[in-house]
Each structure stands twice: as C-alpha cells, then as structure tokens.
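A.B. asks: One structure, as structure tokens, below. Some questions next.
Rule-based calculations on the coordinates, nothing more; no lab input. In this text the structure is predicted, and so the values were computed from the model without any measurement. Quick reminder, even Gly has a Cβ in these numbers, built from the backbone with ideal geometry, and neighbours come from all protein chains shown.
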Amino acid sequence: MTTHLLWYRANLPHQSFVADPPTLPPVQVPVLSVWSSGDRALSEHQMTNSAAYCENGFTYVRLEGYGHWLPIEAAKELTDSIIEFSSRGD
C-alpha cells in the first residue's frame, strides 16, 4: 500500500492540499462519463456534477454492480458505451 500512496503523493504537490484549486477553462468537446454503483473512490454526485464544466454536451452512463476499475470489471459494457457515444457524431 505504501508504494501506491507514494505514487499519488508524487503526482500532487503538497501545497495543492491547502491552496485553492486552479481555475480551468470549460471542456469544449462532448464528454462521455461512465460511473458504476460500486465505485468507492468516486461518488455519483462528483461524476454528474462534472457536467457543469462541459460546454458541448455531457453524456452520463451509470453501470450497476461494478467497482472503480471498469476497464477490468466491465470491459464489454464500457466498450459498448464508448462505441455508442463515438458513433453518435456530435
């Protein structure tokens, strides 16, 4: 577990834990957001609120019963969602 925590610590400067977050411009392309009901690292509220930062569309897909690692746990469902989203031609 120590190695994993050190990886996250190395990617975030210490001041980021006490400083205000940076102001970023809105996302300018259509966004696909896929979340699972079993995700313990990211809440559904966090995921759906991401729509506020997307100016050109936000598609939300909720998968039931999987955890945080969707590419491993729900590869087919995730792939189907990506293909469907990509095929829309927005």
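A.B. asks: Just to confirm the number: angle between the C-alpha axis of helix 2-11 and the first principal axis of the chain, 0 to 90 degrees, nearest 10?
C.D. replies: Value to nearest ten degrees: 90.
A.B. asks: I've got another one for you. Give the angle, between 0 and 90 degrees and rounded to the nearest 10, that separates the Cα long axis of helix 75-87 from the longest principal axis of the Cα atoms of the chain.
C.D. replies: Around 70 degrees separate the two axes.
A.B. asks: Then there is this: State the Cα centre-to-centre distance between region 29-59 and region 61-90 in whole Å.
C.D. replies: A separation of 13 Å, based on Cα centres.
A.B. asks: With the crude spin-label approximation of a point 7 Å out along Cα→Cβ, what separation in nm comes out for L32 versus L12?
C.D. replies: Spacing of the two 7 Å Cα→Cβ label points: 2.8 nm.
A.B. asks: Then there's this: With a ≥ b ≥ c the root eigenvalues of the C-alpha gyration tensor of region 18-60, is it rounded (a/c under 1.5), prolate (a/b larger than b/c) or oblate?
C.D. replies: Here region 18-60 falls in the oblate category.
A.B. asks: Mean separation of Cα pairs under 8 Å and 6+ residues apart, divided by the residue count of the chain: what relative contact order is that in percent?
C.D. replies: The value is 29 percent.
A.B. asks: Another question, then. If you build the Cα gyration tensor of the chain and take the root of 5 times each eigenvalue, what three semi-axes come out, in whole angstrom, biggest first?
C.D. replies: So the three semi-axes of the chain are 26, 21, 12 Å.
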